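The values are calculated or read from the model by the stated rules, or taken from the named source; none is laboratory data. Note that this is a predicted model, so its numbers are computed, not measured. With ideal geometry, Cβ positions are generated from the backbone for all residues, glycine too; neighbour counts draw on all protein chains shown. Heads up: the accessible areas ignore ligands, DNA and RNA and are worked out on the full protein's heavy atoms, side chains in. Shrake-Rupley method; radii C 1.70, N 1.55, O 1.52, S 1.80 Å.
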Amino acid sequence: MMDIKKIIFTTFAYFVITMAWAYPWHMMWFQDLYVEMGAVTRVSPIMPLGIAAILMQGIVIGYLYPFFYKGGNPIIQGIKFNLIIGLMTYTAMGFATAAKILIEPVSTFLIYHTLFQTIQFTLTGAALGLIYGKKYG
């Protein structure tokens, strides 16, 4: 049975954690490196599109997780699930981006991108596990 409250909490947590992690990573800490590699194509990102993508990802994750979770430590299971889901995002944002855009060196881009998404999906996976591991009245 679909738990709308948990999907909403998951989407909210995924959005907050992702924005808190992604914005400084991409726009402050490593923006110059990404520009130098050619990985940034816009001076100013279109934030509503990024926000929509993050919200859609959160909704899908919140909807799919109950089909995966069969018990066990909720935090470990949430992280495991999100790392699996993260592979789908990684292929589009990592490999496909490097395949379409002239990024040099590709290996540096993929190393930073792999680190970024591993941390992102670990943090959001822990939140997912906490949300689905908790019983709501």
Hey, Ile8 open to solvent by 50 Å² or more (accessible area, probe 1.4 Å) and either modelled with pLDDT under 95 or β-branched (Val, Ile, Thr) (or both) or not: yes
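Taking the residues in segment 27-37 that are within 26 Å of Asn82 (Cβ to Cβ) and at pLDDT 85 or above as candidates, determine which candidate is surrounded by the fewest Cβ atoms within 10 Å (Cβ to Cβ).
Quick first cut of segment 27-37, residues within 26 Å of Asn82 (Cβ to Cβ) only: 27-31, 33-34.
Next, from what is left, pick out any that are at pLDDT 85 or above: 28-31, 33-34.
Working: Met28: 9, Trp29: 13, Phe30: 19, Gln31: 14, Leu33: 13, Tyr34: 20.
Filtering segment 27-37 for residues that are within 26 Å of Asn82 (Cβ to Cβ) and at pLDDT 85 or above, the one surrounded by the fewest Cβ atoms within 10 Å (Cβ to Cβ) comes out as Met28.
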Name the helices (runs of 4 or more DSSP H) wholly within segment 25-137 that hold at least 2 residues that are closer than 13 Å to Thr10 by Cα? 47-68, 74-90, 106-133
Checked against (1) of a type in the set (Gly, Ala, Ser); (2) more than 17 Å from Thr89 (Cα to Cα); (3) touching a Phe, Trp or Tyr at 6+ places or on another chain (Cβ under 6 Å), Ser44 satisfies every condition except (3)
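Residue by residue, here is whether (1) open to solvent by less than 60 Å² (accessible area, probe 1.4 Å); (2) more than 22 Å from Asp3 (Cα to Cα); (3) of a type in the set (Asp, Glu); (4) touching a strand residue (DSSP E or B) at 6+ places or on another chain (Cβ under 8 Å) holds:
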residue	(1), (2), (3), (4)
Ala39	yes, yes, no, no
Pro45	yes, yes, no, no
Ala53	yes, no, no, no
Val60	no, no, no, no
Ile79	yes, no, no, no
Ile103	yes, yes, no, no
Leu115	no, yes, no, no
Thr118	no, yes, no, no
Count of residues meeting criterion [open to solvent by 70 Å² or more (accessible area, probe 1.4 Å), more than 16 Å from Tyr63 (Cβ to Cβ) and hydrophobic (A, V, I, L, M, F, W, C)] in segment 84-101: 4
Picking from Lys6, Lys100, the residue that is closer than 14 Å to Leu128 by Cα and of a type in the set (Lys, Arg) would be Lys6
